[in-house]
Amino acid sequence: MYLLPFPVLGALLAWATLYFLGFERQRWGEFLLGLAAFFMAMIVQNPVQQLSLFGMGITSNEDVVARGLAFTVGVSLWLGLVAGTVQEGVKYLLVKGKDIGTGLFLGLGFGVTEAFVIAGAALAGSMAVGTPLEVPLISALLSMVERYLVVLFHVGTAAYLAHAYAEGYGREALIAVIGLHAVVDSLAAYYHLTKSEPAMYATELITALAALWLLRRVVPKARAELPREEEVLW
């Protein structure tokens, strides 16, 4: 099965989910702000993550795993903490003082952009080494589910940060969301380093539960912000 469409399809399904939750009117300005937020985060995140590893002579996943379990866990935690801090920090700076709908669509733009970048990077890597992106059907479907959940997670965290700031506990919410994001990305990093299936399933489960909890908190409030159509008087 050709892998490439599946992560993108997962992101588009998350977009459709937001539509069917009542957000038919697309907020393209906020979506594009989320796209910009993703690249802003990556400009900071990638050098911080990678330069520290390069300084220790780490140039590949195999180099990490070869140094033992404790080192692999430590690297996974480091990668997750940096990702959570930078990504949620950028979102927080852009949504504070804004309405929840801004957070929803900024998070959507962030998550959808990430899915397309990941797909593009996979295609570029495949072309560089001359190997096709063929995977078993179950792996392709899991990649779709993973991107679906991750996009909804980004939607939920950005909207929750906007809501929390408006309610006066933005900093506390930011710390909590950074911690949650760090757990998810640490498990994901550990899976990518070791191909541990329990880590993969734990990542999916925690992401799903977190996205569901966050969306249950913010979607009703975001709906209440939507402008009401004027009634037609006969």
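The values are calculated or read from the model by the stated rules, or taken from the named source; none is laboratory data. For clarity, every value in this text was computed on a predicted model and none was experimentally measured. Every residue, glycine as well, gets a Cβ built from its backbone with ideal geometry; the counts of neighbours run over all protein chains shown. These area figures cover heavy atoms from the full protein model, side chains too; ligands, DNA and RNA do not enter into them. Shrake-Rupley method; radii C 1.70, N 1.55, O 1.52, S 1.80 Å.
Data for the structure
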| quantity | calculated |
| --- | --- |
| Sum of -39500 (n - 2.57) over DSSP H runs of 4+, divided by residues of the chain (222 nm, nearest 500) | -28500 deg cm²/dmol |
| Relative contact order (%) - criterion: Cα under 8 Å, at least six apart; region: the range 85-234 | 34 percent |
| Stokes-Einstein translational diffusion, the range 58-179 - Kirkwood Rh over all Cα pairs, 0.890 mPa s, 25 °C, in µm²/s | 149 µm²/s |
| Of Gly130, Gly170, Gly109, the one that fluctuates the most in a GNM where the chain has Cα springs shorter than 10 Å | Gly130 |
| Around Pro7: net Lys/Arg minus Asp/Glu count, Cβ-Cβ under 10 Å | -1 |
| Cα Rg, Dmax, the chain, angstrom units | 18.6, 76 |
| By accessible area with a 1.4 Å probe, ligands and nucleic acids excluded, highest first: order of Phe54, Phe38 | Phe54, Phe38 |
| Sites Val73 and Val129 - FRET efficiency at Förster radius 25 Å, r taken between beta-carbons, to 0.05 | 0.30 |
| Environment charge at Val82 (Cβ cut-off 12 Å; Lys +1, Arg +1, Asp -1, Glu -1) | -2 |
| Cut-off 13 Å between beta-carbons: net charge of the residues surrounding Arg147, Lys and Arg +1, Asp and Glu -1 | -3 |
| Of Ile138, Ile206, Ile118, the one that fluctuates the most in a GNM where the chain has Cα springs shorter than 10 Å | Ile138 |
